[in-house]
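Engineer: Pasting in a structure now, in structure tokens, and then I'll have a few things to ask.
Readers should treat all values here as calculations from the given coordinates under stated rules, not as data from a laboratory. All values reported here derive from a predicted model rather than from experimental measurement. Note: ideal-geometry Cβ built from the backbone for every residue, glycine included; neighbour counts use all protein chains shown.
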Amino acid sequence: MISRTSLVLALALCGGAAEPGIDGLLARKWEETGVRPAPLCDDAEFLRRASLDLIGRVPRIDELKAFLAKPDRAAKIDELLASPDFPRFWSETWTAMLNGYASAFNSQRDGLRFWLEKKFRDNAPFDKIAAELVAASGISSVEGSVNFILHNSVDPAIKISRTFLGIRLDCARCHDHPFDRWTQKDYEEMARFFVPLQKEDLPAGNSRVRDNPDRAGGPKPRFLTGAQPVTSRWREDLAYFITTSKPFSRTFANRLWYHFMGRGIVDPPDDFSLKNKPSVPALLDFLAEEAVRTNFDVRAMIRKICASDAYRRSSRHDARDPRLEALFAYRMLKPMTPEQLFDSLVAALDAGEFRKRRDSFIRTFVGRSFGEDFSNVWRYRETVQDVMTKLTLDPKTPDGSLDELYLRLLSRAPNARERDLCRGRAPAEIVFALANSNEFFFNH
Amino acid sequence: MRLLSLALLFALVPQDDLDGRLDAFGKQIVPGSDPAVARFQKAVATRPGKIVLRDRIEKSAETLRKESERDAVPEYFKARFEEVGGALKLRKGQEEFRRLLIEDYKTSKVEIDRIRPMVKEVADNMADTPEINAKLKRYLSHPATVDALYLRDLRQRSRPDIYVILKKLGELFAQGEDGKFYIPDARQDLAEKFCKVAGAMMDASKDVSAQLGTVCEKLAAFDDLHQRLKKAGSDPLFACMLLKKSLDNADINDIEPAIQKLRGSSDELARKLPEVFEETPKGKVLVEKAYDGVAKALDSYDRARVKVGLLRDPGRQLASRMRGSDARTEMFRKMLQSDAVLALLDVNVGGEEADPAKVIAAQIKKALSKDADGKYRVLPEVAEEVNGEIKDPVRTAEKEDRGLKIVSMWGEKLEDAELREIFTSRYGKFEVERTMKEALSIRSYDGLKSWIEKHFDKSGSGFALKAASKGEIETILAEVDRLEKESKKNDLKD
């Protein structure tokens, strides 16, 4: 009796000469570890997943119907990548990753987001994006990338190491890392790359960031690989060392994988360490090599991942086990970001007129900052639930059939039990229940 | 054709696309028979080559920046004056500059002369111990201190310039080298939000003032309050003060709720208007319970009028210095000339805090005690703050004096006696310094052009390396090699 995984592995490896791709490498790992993966998801679930991952919202009902009539997945991925919503959503996700939701030290968050959106729209290679962020200089209102450095100017070495190398140097700020290779000296030498960094407040507002070569004196910095700068513009040299390093390609590949699968091959994705090894090392190596081979082409990497069976694994599996999750035997459930949740509600309810409430919704969702004055604690603050209720109970709630409401919100038809439960209920009630269900809240 | 493309290298490629300009330059290099130049040409197209060259370019730009700073004072005078027979004479077209400067100088002098004796009295009577008192005494005794205090801080409060508005709105703009302000692409979204809030306020205050004006026209001249209200009723600024509260704690990133609240307040005001007045044979009068609220609103309005009065001119100046004529820029021009919007900016000008003498008196009271022996002493709780503010008084004073000497050397050559007085005074030094600072903050320096001109000869066939620069190219190539070698260390240590 040939097991299913053996068959998958045999198919993946057939031909001999070709290197096994994502699915072949996973199949090999499953075979080694005796793991049985979940089945593949259906077309509707694939579309919901890909739409959320690429353009940040569930598919509209017309998009769903069109895809189900002609389920060409590769063409759909291309279509989503070509949508203006792709660079918008990816710039929002990356801005949150780079600068969070607040602005600090005169940084302009929307300036960074705008800059990233243009980069993703132009399909700029990711190593170029990263290099420009690390070595950013100019005026904050003109050069969006500068706002990354401004926001993280207290200790850029920490943020940059986490974001682009997946390395946590935090502990090494004060002492040698207790569980990893990093010493306090490593941190200090890395931090020295930012010594020439000069922030200047301009008379007419805004800030200018530049490296002052006069400050590039004293002992030279040293990158975590041992490389030392050659020019006096240390950040520029650092950007080069980072983006040509192996940790960078691994981290880039791992972050993309994390985005689509809900779990990194190294997880969390900013914690590559001696104690936290990749769960499928060969897969990480393969993706990192692909990143280098494609010159860090974000869209090419996305096509590769989204075309894999790994991306199509169902999130339903009879055994929920962290070990299986680490081997990507089933799809992780990903909670929606506030942007995804709002845009999905608007798409599902055809409620374009709600767009103006987007900022308000996101801020409510993210919550108030810890720095807020809490002397007025009993003041009423709107909750996410309130906002969602307003959206779903608006008089313009779609008044469709039960099937249509399910397709709009959950991208699937109701099952027999659900039909039973919904019998006699008003559309507004059904919409409210579905919009507040876990199935809607999660990307699965 | 080749010559044209050389010209285009500097003229057409955007200044910020440095990599593009480097590529264009690389293609125009004539390697000749020199293998090092041929290698250099190849290196320009590579990333390490670009990094090393960008370093050179930045250093060239830094040299230009320093030269620019060094030449800033001569440039200031040469732009406004011409040398005629050893003296400097005002250039044609600079008459308005002269008029405004003299006017501002006279006003400043009056204000500085008011605070000088106050500061002197404290300096003369400061205790000598502990050290903070002696330090403050040295600071306050220096002749530059009063002028610096006034010109750097107090003047902005009584006679604000565009920078007080830019402190609130500056993050929306970028400034071109021509000194004009524009809304960069990256700030358009935020600018739109500002426009929405300001537009909503302008509309709402216009609506409310129209309704209020009609009612107030029929007000009886019952007492002072009624007379003030009659005058204020039709002024959109008064309406703005009534509505402004609805924008309290508004977040510019989340403006829709604030706009809704503003519209709600406007509707509510219109609805409640009939309840505030009652008819009498001599006309409408306020109902008793509305007196306090109206009196408070009129007081805020009076304060706002003073503030807005001070901001109108800078607002107009900033509006006239905006570049472009697209709808959003036009809206900003309109906003900057609207009393309601200027009031919304909540700029700290006017009022009690605008009187330099009152501010100085308040600061003395806050920081010093006058003890039984008649001596002033720094209060212990503010000693650290005072120490931070005055830093190193001797060094600061020396710096001020050096700057004054340089400006005075030019000032003494001025033919115009009034201008001569200005430019040999600390006021003149401050004026030059302020103008220079703005000019230098917006100037960009083309380090690539300067570096190429230093090392290459331009000819019809392209850029040929100057013989004297062979060493520079070899150094660059060695650095490129070293950078590539360093980048080979591309994995983590074990």
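Engineer: Can you give the calculated 222 nm mean residue ellipticity of chain B, where each DSSP H run of n ≥ 4 adds -39,500 (n - 2.57) and the sum is split over every residue, rounded to the nearest 500 deg cm²/dmol?
Structural biologist: -21500 deg cm²/dmol, from helical runs alone.
Engineer: I would also like to ask the following. State, as an integer percentage, the relative contact order of chain B based on alpha-carbon contacts under 8 Å between residues 6 or more apart.
Structural biologist: About 26 percent, as a whole number.
Engineer: If amide H atoms are built 1.01 Å from N in the plane of the peptide, which residues on other chains or at least 5 residues away come under 5 Å of the amide H of B:PHE277?
Structural biologist: For B:PHE277, the qualifying residues are B:VAL287.
Engineer: Counting partner chain Cβ atoms within 10 Å of every residue's Cβ in A:204-212, what's the average? Walk me through the numbers before you get to the answer.
Structural biologist: Working: counts 18, 13, 10, 1, 1, 0, 4, 3, 2.
Mean number of neighbouring Cβ atoms from other chains: 6.
Engineer: Please list 3J(HN,Hα) in residue order for the range B:286-294, calculated via the Karplus relation 6.51 cos²θ - 1.76 cosθ + 1.60 where θ = phi - 60°; whole Hz, with x for glycine and proline.
Structural biologist: Values per residue, Gly and Pro as x: 6, 6, 3, 5, 8, 4, 4, x, 5 Hz.
Engineer: With n ≥ 4 as the cut-off for DSSP H runs, can you work out [θ] at 222 nm for chain A, using -39500 (n - 2.57) per run divided by the number of residues, rounded to the nearest 500?
Structural biologist: Working: 23 runs with 221 residues, N = 444.
Here the helix-only value at 222 nm equals -14500 deg cm²/dmol.
Engineer: Per-residue Cβ counts within 10 Å, from other chains only, averaged over A:228-240: what number is that?
Structural biologist: Numbers: counts 4, 5, 14, 14, 5, 8, 1, 0, 7, 7, 0, 2, 8.
That average works out to 6.
Engineer: Still on this structure: Rounded to whole Å, give me the distance from the Cα center of the range A:98-135 to that of the range A:405-444.
Structural biologist: Answer, in whole Å: 38.
Engineer: In whole Å, what is the distance between the alpha-carbon centres of the range B:200-241 and the range A:212-243?
Structural biologist: 64
Engineer: What are the residues whose amide H is under 5 Å from the amide H of B:MET322, where those residues sit 5 or more places off or on another chain and H is modelled from the backbone?
Structural biologist: When sequence neighbours closer than 5 places are left aside, the close amide H contacts are B:PHE181.
Engineer: Here is a follow-up. Residue separation times 0.36 nm, minus the C-alpha to C-alpha distance between B:PHE97 and B:LEU273: what's the value?
Structural biologist: 58.4 nm
Engineer: Further question: What is the sum of charges, Lys and Arg at +1 and Asp and Glu at -1, for the other residues whose Cβ falls under 15 Å from the Cβ of B:ASP203?
Structural biologist: Result for the neighbourhood of B:ASP203: +3.
Engineer: Around B:ARG91, which amide H atoms from residues at least 5 apart in sequence, or from another chain, sit under 5 Å from its own amide H, with H modelled in the peptide plane?
Structural biologist: B:PHE81, B:GLU82
Engineer: Using a Gaussian network model of chain A whose springs link C-alpha atoms within less than 10 Å, name the residue from A:PRO335, A:PRO268, A:PRO203 with the highest mean-square fluctuation.
Structural biologist: Checking each option, the largest mean-square fluctuation is seen for A:PRO203.
Engineer: Report the number of Lys pairs in the range B:261-310 whose alpha-carbons are under 23 Å apart, with separation of 8 or more residues or on distinct chains.
Structural biologist: Lysine pairs, 8 or more places apart or on different chains, close enough: 8.
Engineer: For A:ILE167, what is the net charge nearby, where nearby means another residue's Cβ is under 9 Å from its Cβ and Lys, Arg count +1, Asp, Glu -1? Can you show the working numbers first?
Structural biologist: Numbers: positive: A:ARG162, A:ARG168; negative: A:ASP180, A:ASP270, A:ASP271.
Taking every Cβ under 9 Å from that of A:ILE167, the sum is -1.
Engineer: When you look at the Cβ of every residue in B:183-193, what mean number of other chain Cβ atoms sits within 10 Å?
Structural biologist: Mean inter-chain Cβ contacts per residue within 10 Å come to 5.
Engineer: What number, in percent, do you get for the relative contact order of chain A if the mean sequence gap of Cα pairs under 8 Å and at least 6 apart is divided by its residue count?
Structural biologist: Worked out over chain A, it gives 18 percent.
Engineer: Based only on the alpha carbon positions, what is the Kirkwood hydrodynamic radius of the protein assembly as shown, in angstrom?
Structural biologist: 33.2
Engineer: In the structure shown, do any of B:LYS59/B:LYS89; A:LYS185/B:LYS66; A:LYS118/B:LYS193 have a Cα-Cα gap over 27 Å, and if so which?
Structural biologist: Over 27 Å Cα-Cα: B:LYS59/B:LYS89; A:LYS185/B:LYS66.
Engineer: When we measure straight from the Cα of A:LYS390, which aspartates and glutamates land under 14 angstrom away, once same-chain ones fewer than 8 places off are left out?
Structural biologist: Those aspartates and glutamates meeting the cut-off are A:GLU353, A:GLU382, A:GLU429.
Engineer: Suppose each label sits 7 Å from its Cα in the direction of the beta carbon; what would the B:LYS27-B:LEU225 distance come out to in nanometres?
Structural biologist: Rounded to a tenth, the inter-label distance reads 7.8 nm.
Engineer: Also, I was wondering about something else. With θ set to phi - 60° and the Karplus curve 6.51 cos²θ - 1.76 cosθ + 1.60, what are the ³J(HN,Hα) couplings of the range A:99-111 in order, to the nearest whole Hz, using x for Gly and Pro?
Structural biologist: 3J(HN,Hα) across the range A:99-111, in whole Hz: 10, x, 10, 9, 10, 9, 6, 6, 7, 10, 4, 5, x.
Engineer: Here's something else I'd like to know. Only residues of the range A:287-327 count here: report those whose backbone N is under 13 Å from the spot 7 Å along Cα→Cβ of A:ASP78, or say none.
Structural biologist: A:303
Engineer: How many nm separate the modelled label positions at A:ASP309 and B:ASP34, each set 7 Å beyond the Cα in the direction of the Cβ?
Structural biologist: Going by the 7 Å Cα→Cβ label model, 6.2 nm.
Engineer: Separate question: Find how many whole Å separate the alpha carbon centroid of the range B:423-441 from the alpha carbon centroid of the range B:319-371.
Structural biologist: That distance is 21 Å.
Engineer: While we're looking at this one, here's another question. Given a Förster distance of 56 angstrom, what is the FRET efficiency for B:LYS485 paired with B:ASP251, based on the Cβ-Cβ distance and rounded to 0.05?
Structural biologist: 0.60
Engineer: What is the distance, in nm, between label points placed 7 Å from the Cα along the Cα-to-Cβ direction at A:THR183 and at B:MET118?
Structural biologist: Label-label distance for A:THR183 and B:MET118, simple model: 6.0 nm.
Engineer: Could you go through the range B:364-378 in sequence order and give the Karplus-derived ³J(HN,Hα) for each residue, using 6.51 cos²θ - 1.76 cosθ + 1.60 with θ = phi - 60°, rounded to whole Hz, and x for Gly and Pro?
Structural biologist: Ordered by residue, 3J(HN,Hα) equals 4, 5, 6, 9, 10, 10, 9, 8, 4, 7, x, 9, 8, 9, 6 Hz.
Engineer: For the protein assembly as shown, give the share of DSSP beta bridges that are antiparallel, in percent and rounded to the nearest 5; count only bridges with both residues there.
Structural biologist: 85
Engineer: For a protection proxy built on the mean count of beta-carbon atoms within 10 angstrom, sort B:434-441, A:125-132 highest first, please.
Structural biologist: Highest mean packing first, the order is A:125-132, B:434-441.
Engineer: Something else about it: Provide the FRET efficiency to the nearest 0.05 for the B:THR107-A:ASP214 pair, computing r from the beta carbons and using R0 = 45 Å. Write down the numbers at each step before the final one.
Structural biologist: Values: r = 40 Å, r/R0 = 0.89.
Using R0 = 45 Å, I get an efficiency of 0.65.
Engineer: Compute the FRET efficiency between B:THR214 and B:ASP17 as 1/(1 + (r/R0)^6), taking r as their Cβ-Cβ distance and R0 = 56 Å, and round to the nearest 0.05.
Structural biologist: Values: r = 59 Å, r/R0 = 1.05.
Plugging the Cβ-Cβ distance into 1/(1 + (r/R0)^6) gives 0.45.
Engineer: Right, next: Roughly speaking, what is the stretch gain from B:SER320 to B:GLN363, that is 0.36 nm per residue apart minus the C-alpha to C-alpha distance, in nm to one decimal?
Structural biologist: On the way: separation 43, 0.36 × 43 = 15.48 nm, distance 3.65 nm.
Between B:SER320 and B:GLN363, full extension yields 11.8 nm more.
Engineer: Continuing with the same structure: Evaluate chain A: find the radius of gyration of its Cα atoms, find its Kirkwood radius, and give the ratio Rg to Rh. Working shown, then result.
Structural biologist: Numbers: Rg = 23.9 Å, Rh = 24.0 Å.
Ratio of gyration radius to Kirkwood radius: 1.00.
Engineer: OK, next. Mind checking the full-extension length gain between A:ALA282 and A:LYS199? Use 0.36 nm per residue of separation minus the Cα-Cα distance, one decimal, nm.
Structural biologist: This chain segment gains 25.6 nm when fully extended.
Engineer: Counting alpha carbon pairs within less than 8 Å and at least 6 residues apart, what relative contact order, in whole percent, applies to the range A:85-243?
Structural biologist: Details: 245 pairs, mean separation 33.8, N = 159.
The normalised contact order for the range A:85-243 reaches 21 percent.
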